[in-house]
1. Provide the FRET efficiency to the nearest 0.05 for the A:Gln81-B:Gln41 pair, computing r from the beta carbons and using R0 = 25 Å.
2. Amide H to amide H under 5 Å from B:Ser73: which residues, 5+ apart in sequence or cross-chain, H placed 1.01 Å off N in plane?
3. Calculate the spin-label point distance for B:Glu82 paired with A:Gln72, positioning each point 7 Å from the Cα along the beta-carbon direction, and give it in nanometres.
4. Report D for chain B in µm² per second (integer): Stokes-Einstein, Kirkwood Rh on Cα pairs, 37 °C, 0.692 mPa s.
5. With label points built 7 Å along Cα→Cβ from the Cα atoms of A:Phe39 and A:Val54, find their separation and express it in nm.
6. Taking the Cα centre of the protein assembly as shown as the origin, how large is its charge dipole in debye, to the nearest 20, when only Lys and Arg (+1) and Asp and Glu (-1) carry charge on their Cβ atoms?
7. When you look at the Cβ of every residue in B:34-41, what mean number of other chain Cβ atoms sits within 10 Å?
8. From the gyration tensor of the Cα coordinates in the protein assembly as shown, what semi-axes in whole Å does the equivalent ellipsoid have, largest first, with each one equal to sqrt(5λ)?
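A short reminder: the numbers here are calculations on the coordinates, not readings from a lab. The model shown is predicted, which means the values in this text are computed figures rather than measured ones. Cβ coordinates were reconstructed from backbone atoms using ideal geometry, including for glycine residues, and neighbour counts include every protein chain displayed.
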Amino acid sequence: QQQVKQSPQSLIVQKGGIPIINCAYENTAFDYFPWYQQFPGKGPALLIAIRPDVSEKKEGRFTISFNKSAKQFSLHIMDSQPGDSATYFCAASIVQGQNFVFGPGTRLSVLP
Amino acid sequence: ETGVTQSPTHLIKTRGQQVTLRCSSQSGHNTVSWYQQALGQGPQFIFQYYREEENGRGNFPPRFSGLQFPNYSSELNVNALELDDSALYLCASSRTSGVHNEQFFGPGTRLTVL
């Protein structure tokens, strides 16, 4: 019940495309859902986060869609660029900023 | 504002040995969390320290232990190393007060157990 499932495992898109990464959870006590971006040799960096009381949040080219009833959330990257090539992790926690449960990650490649 | 730093960057140990990894939290942060990230997987929560006390623990055996110091820096100790302990160990710091207590991750320590 503590797991966060994530798909796809890897994704290849052309520059300008809109990659979509999906996550699902079981524990309804989760109340904070961040997305992290990780480049090789670096630690994860927070991209965008959402609470379950909103269905969508946009920050720049990144959008989270949240479906509370389905216990699913997704990340959309608008106008993707080769510099967006990285591994993306969704996560969930019960108290904001505490004890994150991470998904297994999606390796995104954006072709020039 | 300085970021989260970790040392060493890389480490090679043999099975059965002990290891200590170090983390300096970001300025103004009093909470440190440690995660283990196996190759190709998401980080897994080991434990968290707040004001020098353990404040939550994941599903890791007691041979994983930690410390937090008065300056909020932290150590992760692993005894009796096993081959499966080979991973990237990430430290993250956060403020616990206020609404925005995002976790900031360091670059990690890559541990290889032979």
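1. Values: r = 26 Å, r/R0 = 1.04.
Taking R0 as 25 Å, the efficiency between A:Gln81 and B:Gln41 is 0.45.
2. B:Ser25
3. Taking the simple label geometry, A:Gln72 and B:Glu82 are separated by 3.6 nm.
4. Values: Rh = 14.0 Å.
Once the numbers are plugged in, D ends up at 234 µm²/s.
5. Taking the two extended label points, one gets 2.7 nm.
6. Working: 18 positive and 16 negative charges, 66 e Å.
Once rounded to the nearest 20, the dipole reads 320 debye.
7. Working: counts 0, 5, 0, 6, 0, 0, 5, 5.
Mean shielding count: 3.
8. Numbers: eigenvalues 171, 81, 53 Å².
So the equivalent ellipsoid measures 29, 20, 16 Å along its semi-axes.
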